[in-house]
Amino acid sequence: MITNLRIFLVGTLFFTATFVEAQPVAATNAPVKEPRIPRVPYRREIALNADDKPAFAEPPKGFADKRENIPHGKLEMIEYDSKTVGTKRKLNVYTPPGYSPDKKYPVLYLLHGIGGDETEWERFATPDVVLDNLIADGKAVPMIIVMPNGRAQKNDRPEGNIFAAAPAFATFERDLLDDVIPAIESRYSVEKSREGRALAGLSMGGGQSLNFGLTHLDTFAWIGGFSSAPNTKPPAELLPDVAAAKKLKLLFLSCGNKDGLINISQGVHAYLKANDVPHVWHVDGNAHEPTHWRNSLYHFAQDIFR
Ligand code: FER
């Protein structure tokens, strides 16, 4: 009886600790809504190297707080026909303040994590607010941000065993290239060149960005992986021809030093470093959490399309 009670208590404490660690933590005053599915804590051993250091200072306080006295862009949820999946799918699209069909805008394709969907970036990081602020301060160029659903399967809701959908995250490569990009380029006034396209994502979406971006250097010139997940291909497979990386305008890798998945990003960084491939390697003090992704978006958005 006493033993049972002890097991029960220990079990409850462990579960509580696990659950709490899995929740997102806000670094700024920006509201962060809870994800629908608690994030899985990744409890792998973390071994830090000497150069696992920040490349940037912490973002200024309030960078993700909405300011009333500046021009605001617009968020809209649109639909496109996916030939790849055979369904109509959703895209959450940010257009910058004063968007005009008389101008041509670069586009950042921004991919979510394993438990997310086309609304996840908005819930975690309010990219519209971050970009409105950066653009108002002259720190980022006006750009369109497209937040698709990276789970390319008929039921693309993050339901049930979210890990079972891993193959659909790989299928999204064709959906992005054949369906999403053409849909955006036919509906918005955008630059249709590799220099006008960036691809970045968090966790599962970070792995997708490296997998798809580095193997399609003719499509994307700016690539970012934030706490990239184990879906990231082995580095030598990602970039067998290291000389081809010269085409890149920016390759950005970031991770938190409390993130149990940091070994994935460390592996990519080590390969790039050993092969003299220029890249940004930014390691901050966060875990696998929205604070890291919001901060990474703040840094990445300032360095693209310039
Ligand atoms: C895994 C651990 C984590 C994995 C994916 C993830 C495909 C993704 C995490 C996330 O998106 O937050 O083993 O394998």
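For segment 80-110 and segment 133-203, what is the separation of their Cα centres, given in Å? Taking the Cα centre of each part, segment 80-110 and segment 133-203 sit 8 Å apart.
Along the chain, counting only GluC sites (Glu not before Pro) with a DSSP assignment other than H, G, I, E or B and at most 15 other Cβ atoms inside a 10 Å radius, the longest segment between sites is 160-306. Across the cross-link table entries K104/K233; K53/K249; K66/K103, which are compared at the Cα atoms, the separations over 28 Å belong to K104/K233.
From least to most packed, judged by other beta carbons within 10 angstrom and beginning with the fewest, S189, S228 follow the order S189, S228.
Backbone geometry of segment 45-57 corresponds, through the Karplus equation with coefficients 6.51, -1.76 and 1.60 at θ = phi - 60°, to 3J(HN,Hα) couplings of 5, 10, 10, 8, 9, 4, 9, 7, 10, x, 8, 10, 6 Hz, x marking Gly and Pro. With point charges of +1 on the Cβ of Lys and Arg and -1 on the Cβ of Asp and Glu, referenced to the Cα centre of the chain, which listed residue (G73, V85, N49) lies farthest in the positive direction of the dipole? Looking along the dipole axis, the top candidate is V85. Here segment 137-287 is treated with +1 on each Lys and Arg Cβ and -1 on each Asp and Glu Cβ, and its dipole about the Cα centre works out to around 100 debye. For segment 204-214, the Karplus equation 6.51 cos²θ - 1.76 cosθ + 1.60, evaluated at θ = phi - 60°, returns couplings of 4, x, x, x, 4, 4, 5, 4, 7, x, 6 Hz by residue, with Gly and Pro reported as x.
Of the options I304, L248, W293, report the single residue whose Cα projects farthest towards the positive end of the charge dipole of the chain (beta-carbon charges: Lys, Arg +1; Asp, Glu -1). Checked the options; the winner is W293.
Taking a sphere under 13 Å around the Cβ of A198 and counting the other residues whose Cβ falls inside, with K and R at +1 and D and E at -1, yields a net charge of +1.
Computing FRET efficiency as 1/(1 + (r/R0)^6) for N161 and K233, where r is the C-beta to C-beta distance and R0 is 22 Å, gives about 0.45. In the elastic network of the chain, a GNM with C-alpha springs shorter than 10 Å, the most mobile of P60, P230, P142 is P60.
Its Cα centre serving as origin, segment 45-191 has a Cβ charge dipole (Lys and Arg +1, Asp and Glu -1) of approximately 280 debye. Across all Cα atoms of segment 45-163, the radius of gyration (one decimal) and Dmax (whole number) stand at 17.2, 52 Å. Expressed as a fraction of 2.2 N^0.38 Å, the value expected for a compact globular protein of N residues, the C-alpha radius of gyration of segment 214-276 is 1.08. By the count of other C-beta atoms within 10 Å, a proxy for reagent exposure, I145, I70, I78, I184 are ordered fewest to most as I70, I78, I184, I145.
Remark: segment 143-152, residue by residue, has Karplus-estimated 3J(HN,Hα) of 9, 9, 10, 10, 10, x, 9, x, 9, 7 Hz, where x stands for each Gly or Pro and the curve is 6.51 cos²θ - 1.76 cosθ + 1.60 at θ = phi - 60°.
Could you tell me how many degrees, from 0 to 90 and to the nearest 10, lie between the Cα long axis of helix 127-136 and the main elongation axis, the longest principal axis, of the Cα atoms of the chain? Once rounded, the angle reads 50 degrees. FRET efficiency for the S186 to A244 pair, using the beta carbon distance and R₀ = 35 Å, is estimated at 0.75. Taking amide H positions as modeled 1.01 Å from N, with prolines and chain starts lacking one, the residues under 5 Å from A55 and 5 or more places away or on another chain are V283. The H on the amide N of F252, modeled in the peptide plane, is under 5 Å from the matching H of I223, G224, G225, V280, each at least 5 residues off or on a different chain. Gain on full extension, evaluated as 0.36 nm per residue between D276 and Y99 minus their Cα-Cα distance, stands at 59.8 nm. In terms of the mean number of neighbouring beta-carbon atoms within 10 Å, the peptides 197-208, 243-254 order highest first as 197-208, 243-254.
What you get for segment 136-192, charging only the Cβ of Lys and Arg (+1) and of Asp and Glu (-1), is a dipole of about 100 debye around the Cα centre. Note on segment 118-170: Rg/Rh from C-alpha atoms, Kirkwood Rh, equals 1.14.
Residue-normalised convex hull volume from the C-alpha trace of the chain: 140 Å³ per residue.
Computed from the coordinates by the stated procedures, all read-outs in this text should not be read as laboratory data. Values in this document were obtained by computation on a predicted structure and should not be read as measured data. Heads up, the Cβs are rebuilt from the backbone with ideal geometry, glycines too, and the neighbour counts pull from every protein chain shown.
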